[in-house]
Amino acid sequence: MTLVELMIATGLGTVVLSAVMALTIFSARSFAAVTNYVDLDVKSRAAVDRMSQEIRQATNVLTCNATQLILRGVNIATGTGYTLTYTYDPVSKKLTQSKTGEADQVLLTQCESLSWTNMFQRTMSFTSDPTGQPDLAPTLSACKVIQLNWVCSRNLLGKAATTESVQSAEVVIRTR
């Protein structure tokens, strides 16, 4: 083998190895992003399932502000009342559920934003909104539907590129 052949083989080998390395890094990053999406989606679905189940059983909304949603309910089996509280802490980015007589439970972590401030009443006016959107509830006692929205995210491999999961649901209070 001559020196020229060796240099050409080394150059081609370097190009091929660089391509394989770039493909490996891209694949690892894509796999991490898909894993993050799946994990965030599973946790968001579990939280919306839990919240919708509990909110549907509530009897009325007591308080609603940017960081807290408090509902009142009655246990069907025992007939005793309970208070259901959802607290969002924007600093720790956690959503916690508290229910009278039960331990607090963290439903979401890494939650960038959360909103449940849209409260709707039972009636719909198709004249003012032909899409069939319920009317906003004038008071908490008139609330029949609660709209939930949140965005959870996490960094991807320690970099600024984030993986994001957005959830939105309208939950009807069935006992009203």
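Coordinate-derived values only; no laboratory data. Given the structure is predicted, the values throughout are model-derived calculations rather than measurements. All Cβ positions, glycine included, derive from the backbone under ideal geometry; neighbour counts span all protein chains shown.
Below are the figures for this structure:
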{"item": "Whole-Å distance, taken between Cα centres, linking the stretch 65-123 and the stretch 36-60", "result": "11 Å"}
{"item": "Rounded tilt (10° steps) of 3-57 against the dominant C-alpha axis of the chain", "result": "10 degrees"}
{"item": "Lysine pairs meeting the criterion (Cα under 22 Å, 8 or more apart or interchain), as found in the chain", "result": "7"}
{"item": "Total formal charge among the other residues, if their Cβ is under 9 angstrom from that of residue 40, Lys/Arg +1 and Asp/Glu -1", "result": "-1"}
{"item": "Highest-first arrangement of 59-69, 13-23, where packing means the average Cβ count within 10 Å", "result": "59-69, 13-23"}
{"item": "Residues residue 80 and residue 37, FRET efficiency given R0 of 45 Å [Cβ-Cβ distance, rounded to 0.05]", "result": "0.65"}
{"item": "Ordering of 44-54, 91-101 by packing [mean C-beta count within 10 Å, highest first]", "result": "44-54, 91-101"}
